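> A single structure is presented below for examination.
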Amino acid sequence: MERLFQTHSIRRSRECEPVWTLTAPDAGGLARPEKVIVPGVWESHPALRNYRGRGIYEQKITCGGNLRVWLGGVSFQAAVYLDDALLAEHYGAYTGFEGLALDVPEGEHTLRIETDNRFGPDSALHIPNDYYSYGGINRPVVLEELGSAYITGCRIVPVRTENGWNAEAEIRVHNLTAENLRGAVSLSLAGREVSAETELPGNRTTAVKLTVACGDVQPWTPETPKLYAARAVLCLDGIPEDDLTDRIGFREIRVDGKEILLNGEPLRLKGFNRHEEFGGFGLAVPPEAMLQDLQLMREMGANCVRTCHYPNDPRFLDLCDETGMLVWEESHARGIGEEGMRNPRFMPQLRQCTEEMVEQHFNHPCIFIWGCLNECADDTEYGAACYRESLSLLRSLDGSRPVTAALLERPGGRVYGDMDVVSVNLYPQWYHDTDVRTALDKKLKEISENGGADKPVIVSEIGAGAVYGYHDPLGGAKWSEERQCRILKDQIQGVLSSPDVSGLFLWQFADVRVDESWFARRPKTVNNKGVVDEYRRPKLAFGMVKELFRGQRQDH
Ligand code: ADA
């Protein structure tokens, strides 16, 4: 399933069968088609562990009429064909996209998805990096049979008023015919229903705004993550034509001076950076493993997770909604210097990823902040302009959440004043030997002298590496679990002792595979800074983090 709850009861929607054929025609690939499971990464196939190239997926499907194919995530160039007719092209592994085919004759057809995970100048965001750009179809593929018009999206902003909560909704409907249609759109939420009649001009998308006065509903908090189903229905001539259900939570995020407030209460963040990856499954993490990750983080007393460095699977966000885990979600881009930012594809690809992320994940109550541009060139004029553009794009897409970006530790940042919350990645005791509070206070001073005074500050990364199973109890050698544990302890205590930060995200939850070009500082071509390894086996630091996180005040 694309989500972890039923999204349609009128629209005919089903996930593609899991078995597809894959041909990987480039060097080191598969000359003849073989069976593979979707969602999945092709690196799970023993012959394709290191394959970089094209992958052609095929499946026979039986369908007819107006067909919508929804692809939750394809890594990372995709072209979708139905019987050789191109339905859609897409760049980027971490957001979904659709392909439409109208008036398809009833019967058997071939769905073909051509993918490519080779790097090159056309790819500005997927580059050889400190995580792995996998190949394949990493999220579910859904087939839908539509009528004359369908609901393309529904965004809901919960707003606290004197009379309880309102839900301000925008529901978008696309008319697939050339004729003008007349329709009615309704929204049911928390036992209330509102509706409006609307004209639907031919071949166009129309937005309908509705407000549901929900009154005294139960707010969403990390301790009581109460979710409400919001069901939008489209009727044409009084007959139900299409529907879309999503879930929302009633909560408000606001920045006030140096505090981030959730329903008026300041947040104290204690959490993890988590890459979407699990040993052997790569980027296509099974939902059971997603939930296990959240359980392990909770066990350690974490209340938040950062989706470094790209939008995550909506099923992971569904689980965060359900379990009350706060999420920093960010668009795709890690460690890209000015040269990479000047690639003409950079801003268009970033813009597209950002728009898709916000559109597709808007309603998740767990997301409390949007991020972008991890450790790019915020210290140059050109780079800073890209940051400003990306931050204002996020704000224009969603005025209900604060925006931030995780910046490098080095001085010279030019965009502290442009963010609602200033975030910084620090590695004292690992990449340099400075004492933790000294490094943090130095950075805080620089932030406050350069436009960031009186803004909340988050330590968005801090951490140290350990190779799982490597022990050196006496000497605490670099890469030993003992050394990592000692450093993380100093880092957590140092950061949480500062009254001037809203909290931290440890780097990182679990070890992840990295690109081979990073082998030199990454034993086993793995970023080993996880407190669990890639199979979620706890390192020594696990228990220490639990003690420190759980020992902190338990307000949000
Ligand atoms: C950076 C970066 C991470 C990771 C980390 C590290 O801060 O944002 O992606 O590379 O450093 O392990 O050094």
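> Could you tell me which of the residues Leu67, Leu4 is of a type outside the set (Asp, Glu) and either within 21 Å of Tyr134 (Cα to Cα) or touching a helix residue (DSSP H, G or I) at 6+ places or on another chain (Cβ under 8 Å) (or both)?
Unique residue meeting the criteria: Leu4.
> Would you say Val233 is crowded, with 21+ Cβ neighbours inside 10 Å and part of a loop (DSSP other than H, G, I, E, B)?
no
> Can you say whether Leu71 is crowded, with 21+ Cβ neighbours inside 10 Å and out of contact with any Lys or Arg (no Cβ under 9 Å at 6 or more places or on another chain), as far as the supplied structure shows?
no
> Within segment 490-510, can you find the residues that are within 28 Å of the chain's Cα centre (by Cα) and assigned to a helix (DSSP H, G or I)?
Hits for segment 490-510 are Gln491, Ile492, Val495, Leu496.
> Take the residues of segment 368-385 that are more than 16 Å from the ligand (Cβ to nearest atom) and touching a helix residue (DSSP H, G or I) at 6+ places or on another chain (Cβ under 7 Å): which is most open to solvent (accessible area, probe 1.4 Å)?
If we take residues in segment 368-385 being more than 16 Å from the ligand (Cβ to nearest atom) and touching a helix residue (DSSP H, G or I) at 6+ places or on another chain (Cβ under 7 Å), then Tyr382 is most open to solvent (accessible area, probe 1.4 Å).
> Here is a check on your reading of the model: is Gly73 under 28 Å from Met357 (Cβ atoms), at pLDDT 95 or above and touching a helix residue (DSSP H, G or I) at 6+ places or on another chain (Cβ under 8 Å)?
Taking the combined requirement at face value, the residue does not satisfy it.
> Go through Thr110, Thr115 for me and flag whichever is open to solvent by 10 Å² or more (accessible area, probe 1.4 Å) and in a strand (DSSP E or B).
After applying the criteria, what remains is Thr110.
> Among the residues that make up segment 386-396, is at least one of them closer than 23 Å to Arg268 by Cα and either within 16 Å of the ligand (Cβ to nearest atom) or open to solvent by less than 10 Å² (accessible area, probe 1.4 Å) (or both)?
No: segment 386-396 contains no residue that is closer than 23 Å to Arg268 by Cα and either within 16 Å of the ligand (Cβ to nearest atom) or open to solvent by less than 10 Å² (accessible area, probe 1.4 Å) (or both).
> Could you please let me know if Ala167 is part of a strand (DSSP E or B) and free of Cβ contacts under 8 Å to residues at least 40 places away in the same chain?
Considered against the rule, which asks whether it is part of a strand (DSSP E or B) and free of Cβ contacts under 8 Å to residues at least 40 places away in the same chain, Ala167 comes out as no.
> Might you let me know whether segment 191-203 holds any residue that is outside any strand (DSSP E or B) and either in the same structural domain as Leu317 (by TED's automatic domain parsing) or surrounded by 19 or more Cβ atoms within 10 Å (Cβ to Cβ) (or both)?
Scanning segment 191-203 turns up no residue that is outside any strand (DSSP E or B) and either in the same structural domain as Leu317 (by TED's automatic domain parsing) or surrounded by 19 or more Cβ atoms within 10 Å (Cβ to Cβ) (or both).
> Is one or more of the residues making up segment 38-53 assigned to a strand (DSSP E or B) and at pLDDT 95 or above?
The answer is no, given that none of the residues of segment 38-53 is assigned to a strand (DSSP E or B) and at pLDDT 95 or above.
> I'd like to know if segment 291-310 contains one or more residues that are farther than 24 Å from Gly503 by Cα, modelled with pLDDT of 95 or more, touching a helix residue (DSSP H, G or I) at 6+ places or on another chain (Cβ under 7 Å) and open to solvent by 10 Å² or more (accessible area, probe 1.4 Å).
Checked segment 291-310: no residue is farther than 24 Å from Gly503 by Cα, modelled with pLDDT of 95 or more, touching a helix residue (DSSP H, G or I) at 6+ places or on another chain (Cβ under 7 Å) and open to solvent by 10 Å² or more (accessible area, probe 1.4 Å).
> Residues in segment 512-551 that are within 16 Å of the ligand (Cβ to nearest atom), open to solvent by less than 70 Å² (accessible area, probe 1.4 Å) and at negative phi: how many?
Here the count works out to 17.
> Kindly provide the set of residues from segment 443-482 that are assigned to a helix (DSSP H, G or I) and in contact (Cβ under 8 Å) with a residue 24 or more places away in the chain, ordered by number.
Lys443, Leu444, Glu446, Ile447, Asn450, Gly451, Gly452, Glu481, Glu482
> On the basis of being among the polar types (S, T, N, Q) and either more than 14 Å from the ligand (Cβ to nearest atom) or more than 21 Å from Asn425 (Cα to Cα) (or both), does Ser448 make the cut?
Criteria met by Ser448.
> If you don't mind, there's one more thing I want to ask. Would you point out which residue out of Gln508, Gln493, Gln484 is polar (S, T, N, Q), in contact with a Cys (Cβ under 9 Å, 6 or more places away or on another chain) and in the same structural domain as Leu283 (by TED's automatic domain parsing)?
Gln508 is the lone residue from the list that is polar (S, T, N, Q), in contact with a Cys (Cβ under 9 Å, 6 or more places away or on another chain) and in the same structural domain as Leu283 (by TED's automatic domain parsing).
> Can you pull out every residue in segment 455-478 that is touching a helix residue (DSSP H, G or I) at 6+ places or on another chain (Cβ under 8 Å), more than 16 Å from the ligand (Cβ to nearest atom) and open to solvent by 60 Å² or more (accessible area, probe 1.4 Å)?
Tyr470, His471, Pro473
> Next up: Here is a list of conditions, (1) open to solvent by less than 70 Å² (accessible area, probe 1.4 Å); (2) without any contact (Cβ under 8 Å) to a residue 24 or more places away in the chain, and Ile239 meets all of them except one; can you say which number that is?
Status for Ile239: all satisfied but (1).
> If I filter segment 311-338 down to residues being charged (D, E, K, R) and within 16 Å of the ligand (Cβ to nearest atom), which single residue comes out as surrounded by the fewest Cβ atoms within 10 Å (Cβ to Cβ)?
It comes out as Arg334.
> Mind checking whether some residue in segment 486-506 is more than 22 Å from Phe272 (Cβ to Cβ), among the aliphatic types (A, V, I, L, M) and modelled with pLDDT of 95 or more?
No, segment 486-506 contains no residue that is more than 22 Å from Phe272 (Cβ to Cβ), among the aliphatic types (A, V, I, L, M) and modelled with pLDDT of 95 or more.
> Kindly check whether there is at least one residue in segment 406-421 that is touching a Gly at 6+ places or on another chain (Cβ under 8 Å), within 18 Å of Thr307 (Cβ to Cβ) and within 15 Å of the ligand (Cβ to nearest atom).
For segment 406-421, residues touching a Gly at 6+ places or on another chain (Cβ under 8 Å), within 18 Å of Thr307 (Cβ to Cβ) and within 15 Å of the ligand (Cβ to nearest atom): present.
> Looking at Ile127, Ile113, Ile151, can you tell me which residue is within 16 Å of the ligand (Cβ to nearest atom) and β-branched (Val, Ile, Thr)?
Being within 16 Å of the ligand (Cβ to nearest atom) and β-branched (Val, Ile, Thr) holds for just one of Ile127, Ile113, Ile151, which is Ile127.
The values are calculated or read from the model by the stated rules, or taken from the named source; none is laboratory data. This one's a predicted model, so the numbers in the text were calculated from it and none came from an experiment. We place every Cβ from the backbone using ideal geometry, glycine too, and count neighbours over all the protein chains shown. Protein only, heavy atoms only, side chains kept; ligands, DNA and RNA dropped before computing areas. Shrake-Rupley method; radii C 1.70, N 1.55, O 1.52, S 1.80 Å.
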